[in-house]
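Reviewing the structure listed below.
The values are calculated or read from the model by the stated rules, or taken from the named source; none is laboratory data. Computed from a predicted structure; not experimentally measured. Every residue, glycine among them, receives a Cβ derived from its backbone with ideal geometry; neighbour counts consider all protein chains shown.
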Ligand code: CO
């Protein structure tokens, strides 16, 4: 009897494995799916960074379902009031499960594994556990700056971003998002080294972090620089880039650099708008072996 029951459920299992394709044809259910996770932004121009990252993912993983999750509840609520619905991590997993996905790649779109990534990792672990019966594996991809190689690639991409406009001898000041006492700032220190190796006229400071504007201004002062370009060292050019970096208020970096006698040229472009950055995230998704459903084991 048990034997028969297995035989009779086989065709049903096979049917479950099939889903209706976009043209109404029967197609194989996707085995793999991707959940892109960002803090989120409600600035429409800033969302360009996400569009660029998504197109890198679509190119790298054709036919693989891609779902977005924003970790910020305030931004999710704000967007929902405008009719734009982006869920959190658990909702993203629900969506992928509904599409028949069995292996999920959760990819953090954060710059560094700081405070926000730690929260994301914990939320992802809890969500993965609560969906354990729906997935075979739930992998977690690490943020942008994870290795020396990442830092070098990011430094190259940053330099290249302005290559056609920034002349020799002109500086570039980058605004990163730091943490007063967090580990994120330690990674940013490493990135600062990689940027200086790539181009000694690239400077980095932080908002809400340990590398202050004054520290950065001190670095700038050591170089024979008259004109300075400004760019956020953040995936999206949101409020910090628009106000604290390039804003007209007297306390913005642009105003303070002008006050210090520099010619200033702000560019409000998130790093995510550079295809090279999306490619690094794609690489992190491809290389992750961190299955949240597996207990780590030492041999
Ligand atoms: Co902030």
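Are any residues in the range 47-80 within 20 Å of residue 124 (Cβ to Cβ), touching a strand residue (DSSP E or B) at 6+ places or on another chain (Cβ under 9 Å) and in a helix (DSSP H, G or I), and if so, which ones? If the condition is that a residue be within 20 Å of residue 124 (Cβ to Cβ), touching a strand residue (DSSP E or B) at 6+ places or on another chain (Cβ under 9 Å) and in a helix (DSSP H, G or I), then 50, 53, 54, 57, 76 are the ones that fit.
Restrict the check to the range 266-279 and report whether at least one residue is free of Cβ contacts under 8 Å to residues at least 24 places away in the same chain and in contact with a strand residue (DSSP E or B) (Cβ under 9 Å, 6 or more places away or on another chain). Within the range 266-279 (the criterion being free of Cβ contacts under 8 Å to residues at least 24 places away in the same chain and in contact with a strand residue (DSSP E or B) (Cβ under 9 Å, 6 or more places away or on another chain)), the answer is no, since none of the residues qualifies.
Only a single item in (1) more than 27 Å from residue 54 (Cβ to Cβ); (2) within 16 Å of the ligand (Cβ to nearest atom); (3) assigned to a helix (DSSP H, G or I) is not met by residue 196, and it is number (2).
Scanning the range 233-248 for residues that are out of contact with any strand residue (DSSP E or B) (no Cβ under 6 Å at 6 or more places or on another chain), within 16 Å of the ligand (Cβ to nearest atom) and without any contact (Cβ under 8 Å) to a residue 40 or more places away in the chain returns 243, 247.
Residue check: residue 174 meets all listed conditions (1) surrounded by fewer than 16 Cβ atoms within 10 Å (Cβ to Cβ); (2) under 22 Å from the mean Cα position of the chain (by Cα); (3) within 13 Å of residue 228 (Cβ to Cβ) but one, namely (1).
Any residue that is in a helix (DSSP H, G or I), surrounded by 19 or more Cβ atoms within 10 Å (Cβ to Cβ), without any contact (Cβ under 8 Å) to a residue 24 or more places away in the chain and touching a strand residue (DSSP E or B) at 6+ places or on another chain (Cβ under 9 Å) - is there at least one of those in the range 181-192? Yes, that holds for at least one residue. Condition check for residue 144 on (1) more than 16 Å from the ligand (Cβ to nearest atom); (2) closer than 19 Å to residue 235 by Cα; (3) part of a helix (DSSP H, G or I): one failure, at (3). Number of residues in the range 281-293 that are within 20 Å of residue 118 (Cβ to Cβ) and assigned to a helix (DSSP H, G or I): the value is 3.
The set of residues in the range 199-232 that are away from the ligand (no atom under 16 Å from the Cβ), more than 19 Å from residue 255 (Cβ to Cβ) and assigned to a loop (DSSP other than H, G, I, E, B) comprises 199, 200, 201, 222, 223, 224.
On the stretch given as the range 203-221, residues that are touching a strand residue (DSSP E or B) at 6+ places or on another chain (Cβ under 9 Å) and over 19 Å from residue 112 (Cα atoms) total 7.
The residues of the range 252-285 that are surrounded by fewer than 13 Cβ atoms within 10 Å (Cβ to Cβ) and touching a helix residue (DSSP H, G or I) at 6+ places or on another chain (Cβ under 8 Å) amount to a single one, 260. Considering the conditions (1) surrounded by 10 or more Cβ atoms within 10 Å (Cβ to Cβ); (2) more than 14 Å from the chain's Cα centre (by Cα); (3) farther than 27 Å from residue 138 by Cα; (4) at pLDDT below 95, residue 46 is excluded by exactly one of them, (2). Restricting the first member to the range 203-220 and to residues that are touching a residue at least 40 places away in the same chain (Cβ under 8 Å), and the second to residues that are away from the ligand (no atom under 16 Å from the Cβ) and assigned to a loop (DSSP other than H, G, I, E, B), the beta-carbon pairs closer than 9 Å and six or more apart or on different chains are 217/260; 220/201; 220/260; 220/262.
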